[in-house]
Amino acid sequence: MPFVSKWRFARITARKARLLTDMIRNKPVNEALDLLKFNKKRAAIMVAKVLKSAIANADAQEADVESLYVQASFCDDGPILKRFQPKDRGKAYSIFKRMCHITVTVEEGTPPMTKKKRKELEMRRTRLAKKTAKAARQTVPAKEEKKEEPKTEKA
C-alpha cells in the first residue's frame, strides 16, 4: 500500500525541485534521505521534509520503515504570482514568482530494477566471482621446493 505526502504551493520553481525528485525516485528511503541531506540545493530541504512526512505516514499506519522505498516522486507546476519591477523612464518589467506542488510516494518492499541496472548488477556479480576465484587460487600454497644451499669448503 503506497503512502503519499504532498507539499502544495511550495515557493520554489518546479524546474529546480524536479532535479531532486528525479534523483531520489526508486531508492530506499535511507539512501534518499542521505542524498538530500548532503545536497547543496535549496529544494533539497523541501523535498526532504515531504519525504520525512511520507515516512511518518507509513509509520503511523504501522508499516515497516526499514523496508520502505520511494515509489514515485514528482513535482508539478503551481500557480504563478505576477509582480512588477519598476524600471527607468516609466517602464515596468514583470516578475514571475513561481510555485510548485511536490509529491512523494513511499511503499514497502524492494525497488523495481530496470534492465540497465539489472545488467550492471549481473556484470558486477560475475566480476566479483572471477576475482574471488582468482584469489582462492592464489591462496592455495604451492608445493615449496627445497633450495639447495651452496656448499662451502672448510679449510
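The values are calculated or read from the model by the stated rules, or taken from the named source; none is laboratory data. Worth saying up front: this structure is predicted, and the values here are computed from it rather than measured. Every residue, glycine as well, gets a Cβ built from its backbone with ideal geometry; the counts of neighbours run over all protein chains shown.
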(request) State which residue is farthest from Thr103 (Cα to Cα) when the search covers only region 1-59 and only residues that are in contact with a Ser or Thr (Cβ under 8 Å, 6 or more places away or on another chain) and among the basic types (Lys, Arg). (result) Arg25
(request) Six or more apart or on different chains, Cβ under 6 Å: which pairs go from a residue in region 73-86 that's within 21 Å of Ala43 (Cβ to Cβ) to one that's modelled with pLDDT of 95 or more and of a type in the set (S, T, N, Q)? Could you list them? (result) Ser73/Thr21; Phe74/Thr21; Phe74/Thr103; Cys75/Thr21
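Consider Ala48 carefully, then state whether it is touching a residue at least 60 places away in the same chain (Cβ under 8 Å), farther than 17 Å from Arg15 by Cβ, surrounded by 10 or more Cβ atoms within 10 Å (Cβ to Cβ) and aliphatic (A, V, I, L, M). Before you say what the answer is, go through the steps one by one.
On the way: touching a residue at least 60 places away in the same chain (Cβ under 8 Å): no; farther than 17 Å from Arg15 by Cβ: yes; surrounded by 10 or more Cβ atoms within 10 Å (Cβ to Cβ): yes; aliphatic (A, V, I, L, M): yes.
Spelling it out, it is not the case that Ala48 is touching a residue at least 60 places away in the same chain (Cβ under 8 Å), farther than 17 Å from Arg15 by Cβ, surrounded by 10 or more Cβ atoms within 10 Å (Cβ to Cβ) and aliphatic (A, V, I, L, M).
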(request) Filter region 10-25 down to residues that are in contact with a Lys or Arg (Cβ under 9 Å, 6 or more places away or on another chain) and under 20 Å from Pro111 (Cβ atoms) and give me whichever is surrounded by the most Cβ atoms within 10 Å (Cβ to Cβ). (result) Leu20
(message) Criterion first (touching a Ser or Thr at 6+ places or on another chain (Cβ under 8 Å) and either among the hydrophobic types (A, V, I, L, M, F, W, C) or at pLDDT 95 or above (or both)) does Thr103 satisfy it?
(response) yes
(request) Of the numbered conditions (1) at pLDDT 95 or above; (2) assigned to a loop (DSSP other than H, G, I, E, B), Ala155 fails exactly one; give the number of that condition. (result) (1)
